[in-house]
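**Student:** First the structure, then my questions, so here it is.
FYI, it's all coordinate maths here, none of it is from the lab. Not measured: the values here are computed from a predicted model. Here the Cβ is made from the backbone with ideal geometry for all residues, glycine too, and neighbour counts use every protein chain on show.
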Amino acid sequence: MATSKKLWIKTLIYSWIIFILVISVNGFKEISITKALTAIFPIIFGEYWFITEFVVLMIFAPLLNQMIDTLEKRDLRYYIGIIVFLAMILPLFVKNLRPLGDMDSAAVLIAVYLIAGYMKKYSVKLNKAVSWALFLVSIIVELFSIFVLKNHGNQMIHFTYGVIPMIAAIGLFSIVLSMKSFHNKFINYIASSVLAAYLITEDPFIRMWLWNDFLHISSLQNYSYILFLLWGVLISTLLVLVCCLIDKIYEKIESLIVVRIN
């Protein structure tokens, strides 16, 4: 729960700072009561879907742990299969599915949590060849689905959510687990602030302005697929680095405030 509390606080602060900056520049023009409440209470109103669902997952984590510990192997597989189907496969064909929501619901994280618990409990390990195959093939399928469905509205994102990314994640985690452990100060230094890239770039007040007005991403779609991907990697890398720098400044200010309070 300590992790959830820290995550909750950082999400609140970033949401409030961005909201204050927006109203300082543009005033309350085009800011509805719903948008204001969402910015003030970002987790409760789901401003960042992943943060909200992660907090929900942490609340249910003790119950899920008990479920993993007590259920028989066959029963655990049965429940995992049902949740994966309802949360990750069926939403590919049915929109606004209830009661589990769509592919950005807490049920998706619960499914992944249970799969990880199953693999740990029964020491499920994949060899490197299988792990790399799962990871690479899933990524290729995702990219192919984007290219094929890019002219069909929101359907272009369907295969970048749900079961295919889950398979890629399982492959990637298996690859990492098979590697020798190492320690890198630079990677750890950057990794501790990567969350800020999500909180900043996915803020509702920032997202559309950033991608459409500032970076003009839509114009890049006129380039070849390879060039579009290369530009995407470059822009994403630069955004992560800039946001990490902002977060380091935030952490420094936070530490000074905590010291002053103490």
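**Student:** Find how much the distance from LYS120 to LEU177 grows on full extension, using 0.36 nm per residue of separation minus their present alpha carbon separation; answer in nm with one decimal.
**Tutor:** On the way: separation 57, 0.36 × 57 = 20.52 nm, distance 1.15 nm.
Full extension of this stretch gives 19.4 nm more.
**Student:** Kindly state, to the nearest 0.05, the FRET efficiency for ASN127 paired with ALA61, given R0 = 45 Å and r defined as their beta-carbon distance. Intermediate results must be reported in sequence, preceding the final value.
**Tutor:** Numbers: r = 30 Å, r/R0 = 0.66.
E(calc), rounded to 0.05, equals 0.90.
**Student:** About its Cα centre, what dipole magnitude does the chain give when the only charges are +1 on Lys and Arg Cβ and -1 on Asp and Glu Cβ, stated in debye to the nearest 20? Could you put the intermediate results ahead of the total?
**Tutor:** Values: 21 positive and 15 negative charges, 132 e Å.
Roughly 640 debye, rounded to the nearest 20.
**Student:** Additional query: Pick from ILE89, ILE33, ILE59: which residue has the top mean-square fluctuation in a GNM of the chain where Cα pairs under 10 Å get a spring?
**Tutor:** Between ILE89, ILE33, ILE59, it is ILE33 that shows the largest mean-square fluctuation.
**Student:** While we're looking at this one, here's another question. How much length, in nm to one decimal, is gained on full extension between TYR189 and LYS29, taken as 0.36 nm per residue of separation minus their Cα-Cα distance?
**Tutor:** Details: separation 160, 0.36 × 160 = 57.60 nm, distance 3.86 nm.
Extra length from TYR189 to LYS29 when fully extended: 53.7 nm.
**Student:** If you take the charge dipole of region 11-101 about its Cα centre, with +1 on Lys and Arg Cβ and -1 on Asp and Glu Cβ, which of SER24, LEU57, PRO91 is farthest toward its positive end?
**Tutor:** Checking the options against the dipole of region 11-101, the answer is PRO91.
**Student:** Say each of VAL258 and ILE40 gets a label point 7 Å from the Cα, pointing the same way as Cα to Cβ; how far apart are those two points in nm?
**Tutor:** Placing both labels 7 Å beyond Cα along the Cβ direction yields 2.8 nm.
**Student:** What length, rounded to one decimal in nm, is gained on full extension from LEU12 through to TYR78, with 0.36 nm per residue of separation minus their alpha-carbon distance?
**Tutor:** Details: separation 66, 0.36 × 66 = 23.76 nm, distance 3.77 nm.
Gain on extension, LEU12 to TYR78, equals 20.0 nm.
**Student:** Plugging the Kirkwood radius over Cα pairs into Stokes-Einstein for the chain, at a temperature of 4 °C and a viscosity of 1.567 mPa s, what D comes out in µm²/s?
**Tutor:** On the way: Rh = 21.0 Å.
Roughly 62 µm²/s, to the nearest whole number.
**Student:** Evaluate the distance, in nm, between pseudo-label points positioned 7 Å from the Cα of TRP49 and of PHE85 along their respective Cα→Cβ axes.
**Tutor:** 2.3 nm
**Student:** Of LEU220, ALA111, PRO204, which is farthest on the positive side of the dipole of the chain, counting Cα position, with +1 on Lys and Arg Cβ, -1 on Asp and Glu Cβ, and the Cα centre as origin?
**Tutor:** The Cα lying farthest towards the positive end belongs to ALA111.
**Student:** Still on this structure, please answer the following. Mind checking the dipole of region 110-262: about its Cα centre, +1 per Lys or Arg Cβ, -1 per Asp or Glu Cβ, Debye to the nearest 20? Could you put the intermediate results ahead of the total?
**Tutor:** Working: 11 positive and 7 negative charges, 135 e Å.
Here the size comes out at about 640 debye.
**Student:** Taking N as the number of residues in region 181-262, what value does Rg over Cα atoms divided by 2.2 N^0.38 Å take? Each step should come with its number before you reach the end.
**Tutor:** Details: Rg = 16.4 Å, N = 82, 2.2 N^0.38 = 11.7 Å.
In units of the globular-protein estimate, region 181-262 measures up at 1.40.
**Student:** Pairs of Cα atoms under 8 Å, at least six residues apart: use those to get the relative contact order of the chain, whole percent. Please list the in-between numbers first.
**Tutor:** Working: 186 pairs, mean separation 43.5, N = 262.
This gives 17 percent for the chain.
**Student:** Further question: What's the longest uninterrupted piece of the chain once you rule out the trypsin sites (Lys or Arg not before Pro) that are loop residues per DSSP with at most 15 other Cβ within 10 Å? Don't skip to the answer; put the middle values down first.
**Tutor:** Details: sites that count: LYS29, LYS95, LYS125, LYS150, LYS180.
The longest such stretch corresponds to 181-262.
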